[in-house]
Amino acid sequence: MNKAIIFLTLITGLASAKDRVGKSEIIGKDINTVTCSSKNWMRKECKADTSAGVSLKKHLSRLTCKGNWGYTHNKIWVAKGCRAIFELSGDSNESIYPPQNSNFTCSSKNSRRASCPIATGSKVILTKQISSKSCENKWGQTRRQVWVIQGCQAEFIVKNKH
């Protein structure tokens, strides 16, 4: 009976330690990362300090993350089965996301601003409005991201850098 209690205590301790670590963890060279996972193709939001930028560090799912992740000022979102480790810093090893000449979707949920990362300096063109709400004057891009607001959901294409 003592062995069973010790085993249960050990398992409970491991589970609670996992819960304490949560979604944020430090990996490698003290780089702050967040693991975020979409389950059952549902959108999942993971709280994070994204003020210095976010990049996809390691893809963990069998399903693609292309066009299925982005971030706002205080969270990273994933959808459609995307599961990945994201790096919270502006100085990451940039992986081109999405690849040049490919399409991706960026969506404002509940009329909130959403950001979708792109390779630094890429040119982005709105190719198809998906939402019933107009995207006119409700999207734009910065050096490293496309943003949408007020319910705009659209498909974009990434062209060669400026």
Requested in this report: Answer with yes or no whether ARG112 is at pLDDT 85 or above and over 25 Å from ALA154 (Cβ atoms).
Outcome: no
Requested in this report: From (1) modelled with pLDDT of 70 or more; (2) not assigned by TED's automatic domain parsing to the domain that holds ILE85, pick out the condition that doesn't hold for ALA17.
Outcome: (1)
Query - Among (1) modelled with pLDDT of 85 or more; (2) assigned by TED's automatic domain parsing to the domain that holds ALA154, the one test that GLN100 misses - result: (1)
Report summary line: Filtering the range 21-52 down to residues that are more than 11 Å from the chain's Cα centre (by Cα) and modelled with pLDDT of 75 or more yields ASN32, THR33, LYS39, ASN40, TRP41, MET42, ASP49
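Take LYS80 and tell me if it is at pLDDT 90 or above, assigned by TED's automatic domain parsing to the domain that holds LYS44 and over 18 Å from THR33 (Cα atoms).
yes
Taking the range 109-128 only, how many residues are under 21 Å from the mean Cα position of the chain (by Cα) and part of a strand (DSSP E or B)?
The number of residues fulfilling the criteria is 9.
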Report task. May I ask you to list the residues in the range 53-77 that are in contact with an Asp or Glu (Cβ under 8 Å, 6 or more places away or on another chain) and either under 22 Å from ASN110 (Cβ atoms) or surrounded by fewer than 17 Cβ atoms within 10 Å (Cβ to Cβ) (or both)? Result -> VAL54, ASN74, LYS75, ILE76, TRP77
Query raised in the report: In the range 136-161, what count of residues is obtained for those that are in contact with a Leu (Cβ under 7 Å, 6 or more places away or on another chain) and at pLDDT below 95?
Result: 2
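The values are calculated or read from the model by the stated rules, or taken from the named source; none is laboratory data. Fair warning: this is a prediction, and the values are worked out from it, not measured in the lab. Cβ: placed from backbone, ideal geometry, glycine included. Neighbour counts: every protein chain shown.
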